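> The structure under discussion is supplied below as structure tokens; questions concerning it will follow.
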Amino acid sequence: MKNCYALVFLLLATSSAFAQTTRPTTTAVTKIDIVVDDMDRSVDFYTHVLDFQKVSDNEVAGERYEQLNGVFGLRCRIVGLTLGNESIELTEYLTPRGRLIPRDSRSNDHWFQHIAIVTTDMDRAYTRLRENKVHFASTGPQTLPQWNKGAAGIRAFYFRDPDDHVLEVINFPSDKGDPKWQSTNDLFPGIDHTAIVVENTEKSLAFYRDALGFRVAGGSENYGVEQEHLNNIQAAHLRITTMKSPAGPGVEFLEYLAPRDGRPYPADSKANDIFAWQTSLATPDAAGLLKDLRERGYTVISTPPSESEFIVRDPDGHAVHVVQNGAKL
């Protein structure tokens, strides 16, 4: 009888493991989409200040795009930019125009998202940014302290693009970060990750790890004077979790353990709002992943979603654009 129970247990365990391995997941972070108010101004900034390369420039309109983004009557200009092997898209809504980033936005508000642009020389990068009169978000470049084993020696600086999106330049010591950042002399060789503020790390893990198939690649607990001046938040104390897909830049959770007064993502946010970033992911089974996400109770923005691409909100409201492998973004 014991052998019989053991066999049943083995079959159940095997069945469970098989279900987990065949569950639809994502395979890459393909790009980060940033909404801008003036395309020519933004392209000039990203290409001349930060060394991005322009690779495409298109205008889109029509029912397909209205349904995908949940915005009626849209017409968008979309410009693709690359930095090393990573990509972003700038989207200007020619109509309808969305809301600007609130003037009083802070780094712990839940709509906060940035991209971390790697630099091989923080002093040169900071000089370049000062010469171009960027607006500061940090008080200046910060070096994270040696007691913080997960982040010791990392240098970082937050600044703003022409629309007040916060961007980060980050420099890794030889024992931190992706090894590829140590094998180049380019001032800005690529994008390491996009960071998002989350209210609860466990809820975000349920979405990105359990539903989308990301893995936890690292983490740290950051606080102290350097972190306060980096985020420009007094008494900032963060739990940071780095998530990785099989390819592309990472997604970093920023959970503020203190202060806990960050404002929630606006419930009435639309894709044309300037603060409404999107993280684009590739999957071999968009229809299956859509079904799984709906069963888990996540909010789908696309109305109706197609079986090859859709936009869904994570637990904090950040938009995630899921695209079938091979489908045109």
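> Label the chain by shape, choosing from rounded, prolate and oblate, from the square roots a ≥ b ≥ c of the eigenvalues of the Cα gyration tensor; if a/c is under 1.5 it is rounded, and otherwise prolate applies when a/b is larger than b/c, oblate when it is not.
Working: a/c = 1.71, a/b = 1.21, b/c = 1.42.
Here the chain falls in the oblate category.
> Loop-only check: which trypsin sites (Lys or Arg not before Pro) in segment 123-191 are DSSP coil with at most 12 other Cβ within 10 angstrom? Provide the component values of the computation, followed by the final result.
Details: sites: 124, 128, 130, 133, 149, 155, 160, 176, 180; in loops: 133, 149, 176.
Qualifying residues, ordered by number: 133, 149.
> Next question. Please arrange 103, 260 by counting, for each residue, the other beta carbons lying within 10 Å of its beta carbon, fewest first. Write down the numbers at each step before the final one.
Values: 103 6, 260 10.
By the 10 Å Cβ count, ascending: 103, 260.
> OK, next. Tally the DSSP beta bridges in the chain and give the antiparallel ones as a percent, rounded to 5. It would help to have the intermediate numbers written out before the result.
Working: 59 of 79 bridges.
Antiparallel: roughly 75 percent of the beta bridges in the chain.
> Taking H as built 1.01 Å from N, whose amide H comes closer than 5 Å to the amide H of residue 31, not counting residues under 5 places away?
280
> Give me the net charge of residue 167's neighbourhood, meaning all other residues with Cβ under 10 Å from the Cβ of residue 167; Lys, Arg count +1, Asp, Glu -1.
Details: positive: 160; negative: 161, 168.
Surrounding charge for residue 167 is -1.
> Can you tell me how much longer the chain between residue 199 and residue 60 gets when fully stretched, taken as 0.36 nm per residue apart minus their C-alpha distance, in nm with one decimal? All intermediate terms of the calculation are to be shown ahead of the outcome.
Details: separation 139, 0.36 × 139 = 50.04 nm, distance 3.43 nm.
Computed gain between residue 199 and residue 60 is 46.6 nm.
> GNM, the chain, Cα, under 10 Å: largest mean-square fluctuation among 280, 56, 306?
56
> Could you work out which residue, out of 222, 108, 132, moves most in a Gaussian network model of the chain, that is, has the largest mean-square fluctuation with Cα springs under 10 Å?
In this elastic network of the chain, the residue with the biggest mean-square fluctuation among 222, 108, 132 is 132.
> Sorted from fewest to most neighbouring beta carbons within 10 Å, what does the list 175, 33, 210 look like?
Working: 175 8, 33 21, 210 14.
Fewest-to-most ranking of 175, 33, 210: 175, 210, 33.
> To continue, here is another question. Would you work out which of 84, 28, 271 lies farthest towards the positive end of the dipole of the chain? Charges go on Cβ: Lys and Arg +1, Asp and Glu -1.
Most positive-ward Cα: 28.
> Take the alpha carbon atoms of segment 19-58, find their center, do the same for segment 71-131, and report the distance between the two centers in whole angstrom.
Here the two parts' Cα centres lie 9 Å apart.
> Can I ask one more? Comparing 55, 29, 225, which has the greatest mean-square fluctuation in the GNM of the chain with Cα pairs linked when under 10 Å apart?
The residue with the greatest mean-square fluctuation here is 55.
> Find out how many positive minus negative residues lie around residue 125, taking Lys and Arg as positive, Asp and Glu as negative, among other residues whose Cβ is under 14 Å from that of residue 125. Mind showing how you got there, number by number?
Details: positive: 124, 128, 130, 155; negative: 51, 121, 123, 131, 168, 186, 192.
Charge balance near residue 125 sits at -3.
> Now, a different point. In whole Hz and in residue order, list the ³J(HN,Hα) couplings for segment 274-291 that follow from phi through the Karplus curve 6.51 cos²θ - 1.76 cosθ + 1.60, θ = phi - 60°; x for Gly and Pro.
Calculated HN-Hα couplings, in order: 5, 7, 8, 6, 9, 10, 9, 10, 9, 8, x, 8, 5, 5, x, 5, 4, 4 Hz.
> I need the phi-derived Karplus couplings for segment 53-60: 6.51 cos²θ - 1.76 cosθ + 1.60, θ = phi - 60°, integer Hz, Gly and Pro marked x.
Along segment 53-60, the couplings run 10, 7, 10, 7, 7, 9, 10, 10 Hz.
No value in this document is a laboratory result; all are computed from the given coordinates. In this text the structure is predicted, and so the values were computed from the model without any measurement. FYI the Cβ positions are ideal-geometry reconstructions off the backbone, even for glycines, and counts take in every protein chain you see.
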